[in-house]
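Read the structure below first, then the notes.
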Amino acid sequence: MSISIQGPEPASPHIESHPLSLAPLTTFRSEFLAWCRANSAELAAHTLPHPDYETRVIAARSLQRVLFDAGWSRFGWPTWVGGLGGSALHRGIVFEELSQIGWHGPAIFEHLEIIAPTLLEFGDTDFVAERFPRFLDGTQSWVQGFSEPDAGSDLASLRTRGVIDDGCIVITGQKIWTSWAKWGHTCLALVRTGSTEERHRGLTMVAVDLESPGVDVRPIQQANGTYELAEVFFDEVRAPIDQIIGEINGGWAVAMHLLAHERGTLAWFRHNHFRQRLAQGAEASTPVEDAALGAAIVQLAGLRATAGRQLAVDAAGGSLGPTAAFTKLLMTRLEQQLYDVLLRIHGARMGFGAGNADDQLLHQEYLFSRVVTIYGGSEQMQLMTLANRVLKLGT
Ligand SMILES: Cc1cc2nc3c(=O)[nH]c(=O)nc-3n(C[C@H](O)[C@H](O)[C@H](O)COP(=O)(O)OP(=O)(O)OC[C@H]3O[C@@H](n4cnc5c(N)ncnc54)[C@H](O)[C@@H]3O)c2cc1C
């Protein structure tokens with residue numbers, strides 16, 4: 001069956017959910033699989049490995065467009081933002097099945113899973129309804145501007161200023177380690193609108209257009225040769241007041257909501273790729289590595305169960321809360337364990353100057369696995385969150 005998504009621009013609260021979003025998930029999955037089979041030639045082009053980031057971004061946008069036009073990337077999002085209804089479980093199925101046919105991941109559109117739920121929860125309705133469809137269809141991408149040179153783990157000490165002036169918020173300061181900023185259109189920036197002493201109570205979240213006058217994005221070259229990260233400078237950059245996400249001085253709650261998705265539900269999307277890599281490793285494994293690979297498989301099963309639970313909580317409208325820190329710990333530990341084993345199995349294939357495109361990707365992924373205990377809050381911060389907020393130790 002091909003789903004019908006003809007009609008006007010869908011950002012209207014009056015458009016009803018697509019019937020498939022109300023059908024059993026098994027039906028949704030089988031319809032999606034049937035579409036994948038019918039479009040296997042086009043999808044094959046989108047599952048090629050792209051070690052070069054410029055090409056990867058173009059491919060990610062292109063696939064996002066294909067999925068949008070066919071309707072599949074619109075499931076899991078409400079109709080008032082251009083979605084077709086359904087929940088995070090629908091998105092989870094689409095990503096899982098794409099991974100099964102060799103897709104390498106959403107690249108810049110991983111932020112759909114991190115940022116978009118927070119926009120829906122806290123953003124100005126008109127602003128979000130206008131911008132969201134372009135995010136979904138691959139035309140525009142969003143980035144997350146929280147960290148600063150002197151404010152990472154201690155995020156509440158950040159200093160980028162936001163001053164309310166004549167219907168705008170005027171931003172001055174610097175962000176760093178902003179993923180995908182080189183290709184981003186809008187930065188969700190956490191800025192200080194209150195005093196330094198107010199710490200997390202004096203922060204506001206604002207969507208800043210990266211093409212605004214006064215914005216300077218300076219990509220940072222990483223050890224794996226890529227430019228995924230960047231510094232972003234703001235010099236009296238003006239953003240309209242309706243681009244404030246949540247309340248003025250209420251940005252901390254917005255940031256925590258977003259981070260819970262980055263630590264929690266994102267794991268569902270990332271673990272699918274790990275499954276593919278594990279399967280690939282199993283084919284090449286020797287008896288010497290089988291035990292280590294087996295241990296990684298067990299870890300992956302635990303991560304899958306935990307991430308799946310977070311996805312179900314999100315789909316039911318529940319709060320992910322601090323337990324997302326547990327999912328992040330499982331995810332990053334598994335990722336490091338997995339790529340350690342893969343390095344032993346594949347050996348020189350994964351080394352510097354590796355051969356074909358997939359080998360080069362494996363090499364990049366191995367190096368990236370070394371830093372995963374840092375993004376979204378370091379491992380130590382996740383452990384502290386679990387100790388203080390889940391286990392209530394030291395309170
Ligand atoms: C690949 C990658 C992508 C990223 N993407 C983004 C992004 O898109 N947007 C964004 O805003 N940021 C991003 N970051 C930045 C990331 O959020 C920060 O690097 C992280 O929060 C740690 O901050 P920091 O680098 O300042 O290190 P620091 O906070 O200086 O920490 C250094 C070390 O000290 C430890 N430490 C610090 N305080 C304590 C404490 N109280 N108790 C115990 N140990 C402590 C930390 O665990 C860490 O090991 C990214 C980082 C990476 C690696």
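The values are calculated or read from the model by the stated rules, or taken from the named source; none is laboratory data. Quantities reported herein were computed from a predicted structural model and do not represent experimental measurements. All Cβ positions, glycine included, derive from the backbone under ideal geometry; neighbour counts span all protein chains shown. Heads up: the accessible areas ignore ligands, DNA and RNA and are worked out on the full protein's heavy atoms, side chains in. Shrake-Rupley method; radii C 1.70, N 1.55, O 1.52, S 1.80 Å.
About its Cα centre, the dipole of the stretch 264-390 is roughly 360 debye, where the only charges are +1 on Lys and Arg Cβ and -1 on Asp and Glu Cβ.
Just need the Rg to Rh number for the chain, please, alpha carbons only, Kirkwood Rh. For the chain, the value is 0.96. Within the accessible surface of the stretch 142-251, defined with a 1.4 Å probe on protein heavy atoms only, the carbon and sulfur portion equals 47 percent. The modelled label-to-label distance for the pair residue 333/residue 223, using points 7 Å beyond Cα in the direction of Cβ, is 2.2 nm.
Among 207, 129, 301, the largest mean-square fluctuation in a Gaussian network model of the chain (Cα springs under 10 Å) belongs to 301.
Shape class of the stretch 264-390 from the Cα gyration tensor (axes a ≥ b ≥ c, square roots of the eigenvalues): prolate, since a/c reaches 1.5 or more and a/b is larger than b/c.
Show that you can apply the helix-only estimate: for the chain, add -39,500 (n - 2.57) for every DSSP H stretch of four or more residues, divide by all residues, and state [θ] at 222 nm to the nearest 500.
-15000 deg cm²/dmol
Using the Karplus relation 6.51 cos²θ - 1.76 cosθ + 1.60 with θ = phi - 60°, the per-residue 3J(HN,Hα) values for the stretch 16-27 come to 7, 4, 5, x, 5, 6, 9, 6, x, 4, 4, 5 Hz, with x marking Gly and Pro. The slack in the chain from residue 139 to residue 391, taken as 0.36 nm per residue of separation less the alpha-carbon distance, amounts to 86.4 nm. State whether the stretch 19-105 is rounded, prolate or oblate according to the following rule on the C-alpha gyration tensor (a ≥ b ≥ c being the square roots of its eigenvalues): a/c under 1.5 gives rounded; otherwise a/b larger than b/c gives prolate, and the remaining case gives oblate. The shape class here is prolate. With a/c under 1.5 counting as rounded, go ahead and sort the stretch 121-203 into rounded, prolate or oblate using the C-alpha gyration tensor (a ≥ b ≥ c being the square roots of the eigenvalues; past the cut-off, prolate if a/b is larger than b/c, else oblate). Since a/c reaches 1.5 but b/c is at least a/b, the shape of the stretch 121-203 is classed as oblate. A straight line joining the Cα centroids of the stretch 194-257 and the stretch 84-147 runs 19 Å. Residues in the chain average 42 Å² of solvent-accessible surface per residue, probe 1.4 Å, ligands and nucleic acids excluded. Phi-derived couplings, Karplus 6.51 cos²θ - 1.76 cosθ + 1.60 at θ = phi - 60°, listed residue by residue for the stretch 300-317: 5, 4, x, 5, 4, 5, 5, 5, x, 5, 4, 4, 5, 4, 4, 4, 7, x Hz, with x used for Gly and Pro.
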